[in-house]
Structures are given as structure tokens and as C-alpha cells.
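The values are calculated or read from the model by the stated rules, or taken from the named source; none is laboratory data. Not measured: the values here are computed from a predicted model. Note: ideal-geometry Cβ built from the backbone for every residue, glycine included; neighbour counts use all protein chains shown.
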Amino acid sequence: MQKNKFLLTGNGSYENKGCEAIVRGTISILDNAFDNNIYNIETCFESEESYVKQKNSEFDERITHIKATKERLNFFAKPSLKTFETALSNRFKILGLFENLKFQKQDHKNILDDLTNCKAALCVGGDNYSFDYGVPKFFTDTDDVILSYNKPCIIWGASIGPFSKYPIYEKNMAKHLRKITGIFVREDKSLEYLDSIGVKDNVYRVSDPAFVMEPIKPANFDTLVDLDSSIGINLSPMMAKFWTDSNMDRWSEFCINLIKKVSNKIKRPIYLVPHVVHPNINNDYVFLKNIKDQLNDLSENVYLLGPNYSAAEIKFIISKMACFMGARTHSTIAAFSSLVPTISLVYSIKALGINKEVYGDTSFCVTKDNIDNIDYIADLLNSVLADTPSIKTNINNNLIKIKQRAVESGNILVKITD
């Protein structure tokens, strides 16, 4: 029987557990919709070492890992937002962000062979098409290369925009997005934004694929104590950029004070949960270890998960907790999809949209406006714990629809590829 080859592009390494969760959930969805599949995954690794580590530890024999021509440390760098702003006065420079197929193919030479015989190419990074990390030229270039091979180009389970800060770029991005075979958006805010810029005929409302990733029990699970009564907390050094204008000292001070306040006020065990463990950038584990080391006498009641768990193992651990609070989007998705009452520390459109999908509103979202009101955040956690049964019921009612939407994305892809 002929195999269905799918090319997955635009993702980061498994050192970001959210990136791994997207891959595992996507494969589950595609396996449900298609038969006899193989997967080639182009990943923007942080280093050669990260690539070798991921390739050698992959347990799904149907997956082949491909190293993108650019490392993740650099692939947002050109053009940066700063240089981008200075180019706004020149329309042709803006157009150049989208049009130059010769150089686009050169930057994506590692996937050209795969494009000749794949069923479809899925751009799976989640929030790549936004300004959260810079100008998304790497990804729009990827789209153009895929389309030049007459292959279905799918932006898969994504949040999009907004690009309204730069109207000229937004106009050209809308033109680009209308060329895409299918844009599968994971929340309503992105859907509404795309509609507002005239992108709608190729847009499908789905859910983040990580919602259907199956949890896996870790080998050392029995050594983790007091999980069922614990509060899980994910805090990320990346949040300093969004909440404290990159003032890391102020962000660290906030995190330390928050954990102290929660510990003193709620008096439950706390598990610090790293969800991104890149060796060089935005390492949650290193950041959280430093936070824990500064808790002094409270540290005995605060546990730090190790950095070597897989995304599915972390999901299993989170599923046993009493409640969860997270900054990383996919750490909160692991909690939501396990019916764990969850508070989101918000820095972008995606968290607001996903919370609205899970809860029906954004009342359990905490924004940077609350950074000076730690009592409010601790009280919100307390109220979540007090109202756990009704919150679980609400999540479950919506989760059924969310998972159905995730699975349906595979069926939509069947129709597109046929």
C-alpha cells in the first residue's frame, strides 16, 4: 500500500514541550483521518546538539526529523521588528518580505525533495504568524516554497496576528494568507481578526492539536509526592519581555513574591513545572530553579520538576494536580485537556482565545495589569480550588466540543487533499 507522506514544518524542538505536544496531537489526528502515514518534520533546532538528541530519542519510527537551514536562535532575526519599522517608508522593502522565490528555496533546500511527493505540508508552529517573536518572514517564505510545488499548504492549528500595528505589512500579509490552501485556526479571536482583514474563504475553525495528545505515565511517577493536593505553577523567563518590558530582575521578584504569597495563603504543596528547557534561551527549568533557591524556608514545600520529562509525561503529571497556573500556552492546554482548573498568565491573543473556548469567558486570565496585585492572583487561585467541581464540569462540557474540532481538522484535510 502506498504511504501518505506528510511534511510538518515551522516547529521548534521538543525542548519546547508545547512543540512536541503539537506534533504528537497532530499525528494522532492525521492517523485517525488517513491510513498508512509517514511524517517528515522540519524543525528549527537551537543547535546541532539539539537536533541529534531529538533524532536519536524519537520513539515513533514513522517520523524522520529534518534540521531547518536556520537555527531557532536566528530564524526570526532578519528582519527584526526594529529594522522592520525603519523599512516601513519603503513599500518595495515590505513587498520584498514576501516575494523572492529563488532565495526562499535556497533557505528551505532541506525540504525540497520531500515536497515532490508529500500528501500535504502543514505549518504547525502554533503562533508563528504573529509579531510575538518578530517578523514571520521565515514562515511566509516556507508557504511560498510549498505552494510553488503545487502542494496543499496548511497553516495548522494556529493563532494569527494581529498585524494592525503596521497597516502596509498587514495588507500584504492578508494578500499572502489568501493564497494559502487552508488556514486552520484554533480560537475565535484569530477567526475574527482574519475576517476583519478579508481572509475568510480558506479559513477553518478547529482546535489546538495538543488537546488530543495522550498522556504517558512517567517511570518515576511514584516518587512524586502530594500531587493530588498540589498547585502546579509554570513561570517562564520569556514573560519578562511582555510583563516587565524585559526587566528580568523585576519579573523574578514578582515570581518569588507570587509563590511566597500562594504558599502562605493557600498552604498546599506547590510544583514548579518547566515547559521549555532550551539549553541557551528561555529555559524555564533554570529560571524556576533560581526562583526556588530564593524561597528560603518555604522551599521545602515547593517542588521543582526535572527538565527531562516528555510533553506527554508532563501532561500526565499535571492531570493529577488540584489546580494549575501557567504562562506557557501548552502547559495550560495540558491542564485544560486533563480537566484541571487552570489560570492563565496572559501575554498574547492565543491565551485569551483558548480560555474563551474552554471556559466561555476570560475570567481566569491574569494580565500584566495585575503584576502589582499578587493578592488578587492568590485569591483567584483560592476561588478556583473552592469551586473545583463546577469548574471541572464546565471544562468537560466544552472539552468535548474542543476535541471534536481537533479531530475534525483531519477530516477537513481529507477533503482538501482529495
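Worth a mention:
- Some residue of the stretch 9-27 being surrounded by fewer than 17 Cβ atoms within 10 Å (Cβ to Cβ), of a type outside the set (Phe, Trp, Tyr) and within 24 Å of residue 117 (Cα to Cα): no
- Any hit, the stretch 309-325, residues being buried (at least 18 other Cβ atoms within 10 Å of the Cβ), in a helix (DSSP H, G or I), in contact with a strand residue (DSSP E or B) (Cβ under 7 Å, 6 or more places away or on another chain) and without any contact (Cβ under 8 Å) to a residue 24 or more places away in the chain: no
- Residue check for residue 240: surrounded by fewer than 19 Cβ atoms within 10 Å (Cβ to Cβ), hydrophobic (A, V, I, L, M, F, W, C) and without any contact (Cβ under 8 Å) to a residue 40 or more places away in the chain: no
- Counted as qualifying within the stretch 150-256 are no strands (runs of 3 or more DSSP E), as none has 1 or more residues that are under 24 Å from residue 23 (Cα atoms) and over 20 Å from the mean Cα position of the chain (by Cα).
- Of all the numbered requirements in (1) over 25 Å from residue 244 (Cβ atoms); (2) free of Cβ contacts under 8 Å to residues at least 60 places away in the same chain, residue 410 misses one, and that requirement is (2).
- Yes/no for residue 10 being in a strand (DSSP E or B) and either among the small types (Gly, Ala, Ser) or free of Cβ contacts under 8 Å to residues at least 24 places away in the same chain (or both): yes
- Residue check for residue 297: without any contact (Cβ under 8 Å) to a residue 60 or more places away in the chain and touching a His at 6+ places or on another chain (Cβ under 6 Å): no
- Qualifying residue in the stretch 287-304 (condition: within 21 Å of the chain's Cα centre (by Cα), among the aromatic types (Phe, Trp, Tyr) and surrounded by 17 or more Cβ atoms within 10 Å (Cβ to Cβ)): yes
- Residue within the stretch 250-266 that is closer than 30 Å to residue 409 by Cβ and in the same structural domain as residue 353 (by TED's automatic domain parsing) present: no
- If only residues of the stretch 112-127 that are modelled with pLDDT under 90 and part of a loop (DSSP other than H, G, I, E, B) are counted, the one that is surrounded by the fewest Cβ atoms within 10 Å (Cβ to Cβ) is 116.
- Selection count where residues are buried (at least 19 other Cβ atoms within 10 Å of the Cβ) and assigned to a loop (DSSP other than H, G, I, E, B), scope the stretch 269-281: 6
- Search result, residues across the stretch 371-407 that are touching a strand residue (DSSP E or B) at 6+ places or on another chain (Cβ under 9 Å) and either under 24 Å from residue 24 (Cβ atoms) or not hydrophobic (A, V, I, L, M, F, W, C) (or both): 376, 388, 395, 405, 406
- Residue in the stretch 186-201 that is over 30 Å from residue 303 (Cβ atoms), in contact (Cβ under 8 Å) with a residue 40 or more places away in the chain and in contact with a strand residue (DSSP E or B) (Cβ under 6 Å, 6 or more places away or on another chain) present: yes
- Inside the stretch 142-180, residues that are closer than 23 Å to residue 404 by Cβ and not aromatic (Phe, Trp, Tyr) make up a count of 7.
- Selection status of residue 361, over 29 Å from residue 25 (Cβ atoms), free of Cβ contacts under 8 Å to residues at least 24 places away in the same chain and surrounded by fewer than 12 Cβ atoms within 10 Å (Cβ to Cβ): no
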